[in-house]
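Undergrad: Quick one: the structure is below, and I'll ask about it shortly.
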Amino acid sequence: MKRMRILSAAALAAAAALLITSCSGSPGNAGDDVKPAKKGSVTWWGWTPDTPVAEQYITAFNKQYPDIKVTYKNFENVDYRNTITPALDSGKGPDVFDLSPAGGSPDLWGPYALDLTSLAKSTLGAGWKDKIGGDYTKQLTSSDGRFVSLPLGGMSAGFLWYNKDILDKAGAKVPTDYASWVDTCKKVTAIGKTCFTMGAGGSDTFPTDMYHSIANSVDPGWFIKASTGKAKWNDKTGVKVLEIIKKMKDDGIIPSNALDAPQYPFANNEFMKGDAAMVQMGFWYTQYAGADSCKAAMEAAGVSNPTCFVQLPAAFPDVAGAGNGSPYFGEADYGIAINSASKNIGAAKTFVSWMTLTQKGQQNVANAIDLLPALRGVSPDWNSIKLVDQATQRPAIEKLIKESGETSESRQWQATEKSLDAIVVATQQVLDPSVKKSIQDIADDQQASSVASKVGSK
């Protein structure tokens, strides 16, 4: 499962131009008068969840609505963004589709979607916004005030996942600060394993998570200030962040092959194969603590007849040594939109509202331990969840859920595409030995390439 800013700047501009010139969707409440149906068919496209998780969702839905057939199609991130807009524009797109806060998606794909305000209100009643967690409603509302996607759940990021089996074999501890991370990496590499796997190649924005985590260690809250123009990426904090990234590479925390490929599939596969002790992923990785999901993920990474290892979350080490720790960040992961051109709006409304707005649907989401349920008051039913190591992993995951629910800082929602792209380029330049620019020059270029966001900055 690949959670990242779904659009590159070029793709955003191209898709937006296509939408403006040839959008065939029906914005507004074109299907508002269509009542939810108990029969029909629904096609669902998304870059997430993984197909096995989606099938769990659909199976649970069909226990209550057996006469609605749901067909899910999963895409890689790039394939999704290259496919969804032309499909919607042609009028032959899916009945429902993923839409996230990041990348301007409510404005980019929202014109093809129904305004779901009335569906949310009729399902949850008065005060419906208060029953949905976080700022999810705000994050999935387009700039013209249309609520275009019902949140399935949220996510948090800014922490590590580690392979307990590798650390135990290496006689290493979970790092909590810079010095202990260096020490752990020496012990892990001594047994022939990669310490911290990372894929920073290409244009994917996963490197921004590491940058954000380091920034929070240096000065909590600065990342959002810089994103919204209240601080500069090339000020002393921004320079310090890039200096720490360089030091992490020089001291062997960041591997020498980090620029060879993007996080997915490179770092994901290296960790799931059991070749790396640590990886930076968000809450979506919790699902792989599950006995079945772990096996499926290892097989997908190329492992035959896998034996699952015990993976656990850990706070990002306080690499700045300022005593700040490194606070988590998060936002609505994604929501499900209804295509206004769909011929199956009634069945789509039933499916989407059940998934996102009902106790049963959200309990199903909680039990997949893939998302933080969007509906307040829903938590995993541990009696129905089988983990690789129940005694070790359950308390760690419960702690992660609690701390994730306390996050007050967004991940990418308040950063523009240009700013995120500039972070990726700056990180790559710091890690690339062929680049001879100073850290200050790299930071200056980062600032010059960035554009401040006005989203949620008031």
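Undergrad: Output the number of residues of the stretch 29-69 satisfying the condition of being assigned to a loop (DSSP other than H, G, I, E, B), in contact with a strand residue (DSSP E or B) (Cβ under 8 Å, 6 or more places away or on another chain) and β-branched (Val, Ile, Thr).
TA: Adding up the residues that qualify gives 1.
Undergrad: Suppose we filter the stretch 70-116 for residues that are under 20 Å from Gly31 (Cα atoms), modelled with pLDDT of 90 or more and of a type in the set (Lys, Arg); how many remain?
TA: Count: 0.
Undergrad: Looking at Asn257, Asn234, can you tell me which residue is of a type in the set (S, T, N, Q) and either in a helix (DSSP H, G or I) or touching a helix residue (DSSP H, G or I) at 6+ places or on another chain (Cβ under 6 Å) (or both)?
TA: Asn234
Undergrad: Still on this model: Looking only at residues that are at pLDDT 95 or above and among the polar types (S, T, N, Q) in the stretch 48-69, which one is nearest to Ala332 (Cα to Cα)?
TA: Per the stated criteria, the residue is Thr59.
Undergrad: Quick one: is Ala426 touching a residue at least 24 places away in the same chain (Cβ under 8 Å), out of contact with any Pro (no Cβ under 6 Å at 6 or more places or on another chain) and part of a loop (DSSP other than H, G, I, E, B)?
TA: no
Undergrad: Let me ask something else. Tell me, please, whether a residue that is outside the structural domain of Ile58 (by TED's automatic domain parsing), assigned to a loop (DSSP other than H, G, I, E, B), of a type outside the set (A, V, I, L, M, F, W, C) and surrounded by fewer than 22 Cβ atoms within 10 Å (Cβ to Cβ) can be found in the stretch 355-374.
TA: Among the residues of the stretch 355-374, not one is outside the structural domain of Ile58 (by TED's automatic domain parsing), assigned to a loop (DSSP other than H, G, I, E, B), of a type outside the set (A, V, I, L, M, F, W, C) and surrounded by fewer than 22 Cβ atoms within 10 Å (Cβ to Cβ), which makes the answer no.
Undergrad: Give the residues of the stretch 85-98 that are of a type in the set (S, T, N, Q) and exposed (fewer than 15 other Cβ atoms within 10 Å of the Cβ), sorted by residue number.
TA: Correct list: Ser90 only.
Undergrad: Here's something else I'd like to know. I need every pair where a residue in the stretch 175-196 that is in contact (Cβ under 8 Å) with a residue 12 or more places away in the chain and not assigned by TED's automatic domain parsing to the domain that holds Glu243 has its Cβ under 8 Å from the Cβ of a residue that is small (Gly, Ala, Ser) and not in a loop (DSSP other than H, G, I, E, B), sequence separation at least 6 or different chains.
TA: none
Undergrad: Is it true that Val352 is more than 21 Å from Val174 (Cα to Cα) and crowded, with 24+ Cβ neighbours inside 10 Å?
TA: So Val352 fits the description; yes.
Undergrad: While we're here: Looking only at the stretch 34-84, count every residue that is surrounded by 21 or more Cβ atoms within 10 Å (Cβ to Cβ) and polar (S, T, N, Q) and tell me the total.
TA: Residues in the stretch 34-84 being surrounded by 21 or more Cβ atoms within 10 Å (Cβ to Cβ) and polar (S, T, N, Q): 1 in total.
Undergrad: Something else about it: For Glu403, all conditions in the list (1) surrounded by 15 or more Cβ atoms within 10 Å (Cβ to Cβ); (2) charged (D, E, K, R); (3) in contact (Cβ under 8 Å) with a residue 60 or more places away in the chain; (4) in the same structural domain as Cys294 (by TED's automatic domain parsing) hold save one; what is the number of the exception?
TA: Failing condition for Glu403: (4).
Undergrad: Quick one: Gln139 ticks every box in (1) under 17 Å from the mean Cα position of the chain (by Cα); (2) within 26 Å of Ala289 (Cβ to Cβ) except a single one, so which number is it?
TA: Looking at each condition in turn, Gln139 falls short on (2).
Undergrad: Kindly provide the set of residues from the stretch 275-295 that are touching a residue at least 60 places away in the same chain (Cβ under 8 Å) and surrounded by fewer than 19 Cβ atoms within 10 Å (Cβ to Cβ), ordered by number.
TA: Answer for the stretch 275-295, where residues must be touching a residue at least 60 places away in the same chain (Cβ under 8 Å) and surrounded by fewer than 19 Cβ atoms within 10 Å (Cβ to Cβ): Asp275, Ala291, Asp292.
Undergrad: List the helices (runs of 4 or more DSSP H) that sit entirely inside the stretch 85-154 and contain at least 3 residues that are farther than 26 Å from Thr205 by Cβ and not aliphatic (A, V, I, L, M).
TA: Per the criteria, 117-124.
Undergrad: Another question, then. Taking the conditions exactly as written (under 19 Å from Gln447 (Cα atoms) and part of a helix (DSSP H, G or I)), does Asp209 satisfy them or not?
TA: Answer is yes for this residue.
The values are calculated or read from the model by the stated rules, or taken from the named source; none is laboratory data. Note that the structure is a prediction, hence the values are computed from the model and not measured. Quick reminder, even Gly has a Cβ in these numbers, built from the backbone with ideal geometry, and neighbours come from all protein chains shown.
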